[in-house]
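See below for the structure under consideration.
Just so it is clear, none of the values below were taken in a lab; they were calculated from the coordinates. Bear in mind that the values here come from a model prediction, so they are computed numbers and not experimental data. A quick note on method: Cβ atoms are made from the backbone with ideal geometry, for glycine too, and the neighbour counts reach across all protein chains shown.
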Amino acid sequence: MRTPITFPIPENSPIKQQLLQWGQQFVDCCWLDSNEHPDPYGNFEAILAVGTQSRLVAQDRLGFKAFENYRNRENDWIFGYLSYDLKNGLENLESENRDHMEFPALYFFRPEKVILLEKDKLVFQYPEAMAAEAQHDYEAICGLQLSTQIKNHSPIDIKAGMSKEAYLAKCQQLLEHIHRGDVYEINFCQEFYASKTKIDPLALFTEMNTRLQPPFATFLKMGDRYVLSASPERFLNRKGNTLISQPIKGTAKRHFDDPVQDERAKVELENSEKERAENIMIVDLVRNDLSKVATKGSVKVPELCRVYPYEQVHQMVSTVSAKIPSQSSPIALIKAAFPMGSMTGAPKISAMELIERYETHKRGVYSGSVGYIDPQGDFDFNVIIRTLLYDKKSKKVSLSVGSALTALARPEAEYDECLLKAQALIQLLEATD
C-alpha cells in the first residue's frame, strides 16, 4: 500500500529541474513530462519514479510472459520500456541485424518513491513504511541548488548507419514490394551512432526538453544506460474502461522566421494526399489491433488527420478510441497492439519481415515504448522516437529516424524527412563537443 502525501509547490520554484536533479542519486530513475501540452487523456503534468523495490529484465522471446507475471506479482506502480524486438515473441520473426547498444529487450522496475506533479502541488506516493521520508525528501528537493556546471563532453563523431545511396536504393526496392502488393505501407528507418563518447545525460536531456517541448518527454536512467526521449507520439493509454491510441504519420518542416510560410506548410500537410493516405492506413491498422480487445462495436476515430504544431515540425495525428471490459489485463491490452502500427506499416507482419530484410541495424529500444502502469492497471506509453540512447559504460550513443513509404513516396523526399527528424538531436550532440 502507498500513502499519498500532498505538498504545495513553492512560488517561482524550478521544481521540474529540482525533481530530476534529485532523482539522479538513484540507480533507477524515470521522469515523464508532458511539458504542459493540452491532453484530455493525461493524468498529471509530470511524474518521477526513483529507487528500486524490484526489477524485471527480459529478452524478446519470453518478454511479454515475464511482463505479465511481474505485473501480477508486484501489483503496484511499475515503470520502464518495451523494445521493438519483443515482436519476436509475438510472431515468428527474428532480429539478426547489428546492435550497437545491446540494451535488454524489456526493462521495468517497481520504484520505492513516486512523485506526481499536478499543477500547483506535488503528490508523494510512498510505501507506508517509507511515508515518514516524504517531508524530508520534499524539503531536500525544494532546497536543491541547481547545478550549472556541465560535465566535460568528449568530441562526438556521428556516423550514418547507411549511405544516402544505399538508403535510396533500398527505398526503391521497398517501393517495388509496395507496387507488387506485398505491403501497402512500410516504416523504413536508419541509425546514426557514435562510439567513444562521454556526455552528461541530465544536461543533454534538459537542453533537449527545453528546445523541443515534446508532450511525451522521457528521462529513463537504468544504472549506466539512458533513454533520453523527446517523443511527440502516444502509443497507448488506458484509463478505466477506455483505451486510446494516437498514431502520427505526416511531417512538415516549421518556418519560424516566416509565419506565412509556416502556415502554408501546415495547410499543405493537412491537404496532402500522400500524407493523409499514410495516416489513414495506420489508423485502420490500429482500429484492427484495438478491436481484438475492445467491446464489440466500440472502436471509434474521434480525431482523423489533425495537424499539430511542435517545436521543430508539424505532425499529422489521429486518435483511435475503444471501450474495454473493466477487468482487462493491462499487459494483454498492450500486447494486442504491439508493436505500434506507426512504426511498422501494413499489413503489420509483412512489413516487419521487410523491415528486418532491408534495414541494417537492430531497432532495439527505438520504436518500442516507454511508460508506466499504475496500481489500478491504468497506463500510458509513448512511442520511442526522437530519442537518444546512451551507455555510459561502453561510451556509445545511438539515434534512429524513419519515414513511411507508400506508393506515392519519393525516395529523395523520404531521405530529407529522415534528416529533418534527426537534425535537432544531432545538433544537440554536436553542440556538446
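Using a/c under 1.5 as the rounded threshold, could you call region 215-270 rounded, prolate or oblate? The axes a ≥ b ≥ c are square roots of the C-alpha gyration tensor eigenvalues, and prolate needs a/b larger than b/c, oblate otherwise.
Verdict is oblate for region 215-270.
If amide hydrogens are placed 1.01 Å from N in the peptide plane, which non-local residues have theirs closer than 5 Å to the one on Leu122?
Counting only residues 5 or more places away or on other chains, the set is Phe7, Ile9.
For region 1-98, max minus min Cα coordinate along each principal axis, in Å, sorted largest first?
Result, largest extent first: 55, 31, 30 Å.
Find the lysine pairs in region 165-299 meeting two conditions, Cα atoms under 19 Å apart and a separation of 8 or more places or different chains, and report how many there are.
Lysine pair count for region 165-299: 8.
Extension gain Leu144-Glu303, at 0.36 nm per residue separation less the Cα-Cα distance, in nm?
Working it through step by step, the gained length comes to 53.0 nm.
Strictly greater than 17 Å: what percent of every Cα pair in region 192-244 meets that?
Cα-Cα pairs of region 192-244 separated by over 17 Å account for 51 percent.
Expressed as a whole percent, how much of the Cα-Cα distance distribution for region 164-252 exceeds 20 Å?
62
Relative to 2.2 N^0.38 Å, what does the C-alpha radius of gyration of region 295-386 come to as a ratio? Two decimals please.
1.26
What per residue convex hull volume, in Å³, do the alpha-carbon atoms of region 320-433 yield?
So the per-residue Cα hull volume is 164 Å³.
When only C-alpha pairs under 8 Å and at least 6 residues apart count, what is the relative contact order of the chain, in percent?
About 23 percent, as a whole number.
Which value, in debye to the nearest 20, describes the size of the charge dipole of region 1-103 about its Cα centre when Lys and Arg Cβ atoms bear +1, Asp and Glu Cβ atoms bear -1, and nothing else is charged?
380
Go ahead and set up a Gaussian network model of the chain, Cα springs under 10 Å, then flag whichever of Tyr193, Tyr310, Tyr107 fluctuates most.
Largest GNM mean-square fluctuation: Tyr310.
Go through Tyr366, Leu420, Tyr310 and say which Cα lies farthest out towards the positive end of the charge dipole of region 302-433; charges sit on Cβ, +1 for Lys and Arg, -1 for Asp and Glu.
Farthest along the dipole direction, towards plus: Tyr366.
If one computes P(r) from the Cα atoms of the chain, what percent of pairs lie at distances over 26 Å?
Looking at the chain, the distances longer than 26 Å represent 54 percent of pairs.
For region 172-306, place one equal point scatterer on every Cα, skip the solvent, and apply the Debye formula. What is log10 of I(q)/I(0) at q = 0.10, 0.12 Å⁻¹?
Calculated log10 I(q)/I(0) at the listed q: -0.54, -0.77.
Once the principal axes of the Cα atoms of region 367-433 are found, what is the range along each, listed largest first in whole angstroms?
47, 39, 18 Å, listed from the longest principal axis down.
Please pull out the direction-averaged projected area of region 81-139, using the convex hull of its alpha-carbon atoms, in nm² to one decimal place.
Answer in nm², one decimal: 7.3.
What three numbers, in Å, describe the spread of the alpha carbons of region 125-202 along their principal axes, ordered from the longest?
Computed over region 125-202, the largest-to-smallest principal extents equal 65, 37, 17 Å.
Hey, got the dipole for the chain? About the Cα centre, +1 on K and R Cβ, -1 on D and E Cβ, debye to the nearest 20?
Charge dipole of the chain: 840 debye, to the nearest 20.
Between Gln173, Leu32, Thr251, whose Cα lies farthest towards the positive end of the dipole of the chain when Lys and Arg beta carbons carry +1 and Asp and Glu beta carbons carry -1, centred on the Cα centre?
Gln173
Order by neighbour count: Ser163, Ser54, Ser245, fewest other Cβ atoms within 10 Å first, most last.
Ser163, Ser54, Ser245
How would His361, His179 line up from fewest to most surrounding beta-carbon atoms within 10 angstrom?
Ordered by Cβ neighbours within 10 Å, fewest first: His179, His361.
Among Gln135, Gln21, Gln59, which one shows the highest mean-square fluctuation when the chain is modelled as a Gaussian network with alpha-carbon springs under 10 Å?
Gln135
Evaluate the relative contact order of region 212-330 (contact order divided by residue number), counting alpha-carbon pairs under 8 angstrom at least 6 apart; express in whole percent.
Contact order relative to length: 29 percent.
With every atom except the alpha carbons ignored, what do you get for Rg and Dmax of region 20-61, in angstroms?
Computed over the Cα atoms of region 20-61, radius of gyration and Dmax are 13.8, 37 Å.
For the chain, modelled as a GNM with alpha-carbon contacts under 10 angstrom, which of Arg287, Arg238, Arg410 fluctuates the most?
Between Arg287, Arg238, Arg410, it is Arg410 that shows the largest mean-square fluctuation.
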